[in-house]
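The values are calculated or read from the model by the stated rules, or taken from the named source; none is laboratory data. Quantities reported herein were computed from a predicted structural model and do not represent experimental measurements. No Cβ is skipped: glycine too gets one built from the backbone with ideal geometry, and neighbour counts run over all protein chains shown. Only protein heavy atoms, including side chains, enter the accessible area calculation; ligands, DNA and RNA are left aside. Shrake-Rupley method; radii C 1.70, N 1.55, O 1.52, S 1.80 Å.
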Amino acid sequence: MPTALITGGSAGLGLALTRALSERGWQLIVDGRDAERLRTATAGLPGVTAITGDVTDADHRRALIQAVPRAGLDLLVNNASTLGQLPLPRLSTADLTELDQAYRTNVFAALRLVQLVLPALNRTRGTVLNVSSDAAREPYAGWGGYGSSKAALDQLTAVLAVEEPDLACYAFDPGDMRTDLQQAAFAGADISDRPGPETVAPAVLALLDTRPSSGRYRAAEFVTA
Ligand SMILES: NC(=O)c1ccc[n+]([C@@H]2O[C@H](COP(=O)([O-])OP(=O)(O)OC[C@H]3O[C@@H](n4cnc5c(N)ncnc54)[C@H](OP(=O)(O)O)[C@@H]3O)[C@@H](O)[C@H]2O)c1
């Protein structure tokens, strides 16, 4: 059975994808910083190995890699992300320490995980799926820190695709979803009009099933029903 490593598998899109791939019989390695939330979210899901930790922590990344089977890894999903400073600041007042932390999570940890799993991915001619955002492309006021980190992730993905032609390398924009991250960005607002992350997981499955050329894709391009 194929194996995936999904960061941030205890909530939101990461959990929806973990559930969907578990249902398909995949072996899954997932993480999250809140141990209790991770345990509760993944309890009873077949094939899931849950490892508590922060993707910015090198020891935690090593623990994730140690869980990857010798046979190889079919899919890495760099999904764990932070918005950084809240409320989202204008660039004129952005705190660079918070921005540094956002880049550590959204960009550097993702790239380091790619580096660490490359041999395992090459064994299966596997897939890297880096979760992006429309904020990587659209200049929304307040989103310059987070958005630029996602733009950096997009470009890393594009270059990786050229350097590793045997792999499928995707930047994937899920669109707005009703999750904790979205609620944190729009504190106090009613976000019930956003679709749940479980509506986006089928788009990821369709992307994996069709394995288009490496590139940047939006969930909306893979509407299945
Ligand atoms: N929601 C949207 O509207 C939207 C739109 C565009 C793009 N996205 C992108 O979609 C992806 C998923 O977002 P989401 O909305 O599903 O987020 P979410 O509901 O807030 O879930 C984030 C998950 O990542 C984990 N996580 C966060 N920081 C982590 C870290 N440093 N190390 C390990 N795990 C960490 C969280 O658990 P812990 O907190 O316990 O660590 C949780 O499991 C992100 O890449 C986000 O940028 C979301």
Practice problem: Give Ala141, Ala151, Ala187 a once-over and let me know the one that is at pLDDT 95 or above, part of a helix (DSSP H, G or I), surrounded by fewer than 20 Cβ atoms within 10 Å (Cβ to Cβ) and among the aliphatic types (A, V, I, L, M). | Solution: Ala151
Self-check item: Scan of the range 94-121 for residues that are in contact with a Gly (Cβ under 8 Å, 6 or more places away or on another chain) and either open to solvent by 70 Å² or more (accessible area, probe 1.4 Å) or within 21 Å of Ala63 (Cβ to Cβ) (or both), ordered by number
Solution: Glu98, Gln101, Ala120, Leu121
Quiz item: Taking the stated definitions as given, is Thr124 open to solvent by less than 70 Å² (accessible area, probe 1.4 Å), of a type in the set (Val, Ile, Thr) and within 14 Å of the ligand (Cβ to nearest atom)?
Solution: no
Quiz item: Checking Thr52 against (1) touching a residue at least 12 places away in the same chain (Cβ under 8 Å); (2) open to solvent by 40 Å² or more (accessible area, probe 1.4 Å); (3) within 11 Å of the ligand (Cβ to nearest atom); (4) within 21 Å of Leu153 (Cα to Cα), which test does it fail?
Solution: (4)
Quiz item: Can you find even one residue in the range 161-181 that is closer than 21 Å to Arg112 by Cβ, touching a residue at least 12 places away in the same chain (Cβ under 8 Å), buried (at least 16 other Cβ atoms within 10 Å of the Cβ) and not hydrophobic (A, V, I, L, M, F, W, C)?
Solution: yes
Quiz item: In the range 75-87, is there at least one residue being at pLDDT 95 or above, open to solvent by less than 70 Å² (accessible area, probe 1.4 Å) and among the hydroxyl-bearing types (Ser, Thr, Tyr)?
Solution: yes
Self-check item: Pairs where the first residue, in the range 83-99, is more than 16 Å from the ligand (Cβ to nearest atom) and the second is hydroxyl-bearing (Ser, Thr, Tyr) and open to solvent by 40 Å² or more (accessible area, probe 1.4 Å), C-beta under 7 Å, 6+ apart
Solution: none
Quiz prompt | Test result for Arg178, among the charged types (D, E, K, R) and at positive phi | solution = no
Self-check item: Contacts under 8 angstrom Cβ, first residue in the range 1-30 being closer than 12 Å to Val48 by Cα, partner near the ligand (Cβ under 6 Å from one of its atoms) and at pLDDT below 95, 6 or more apart
Solution: none
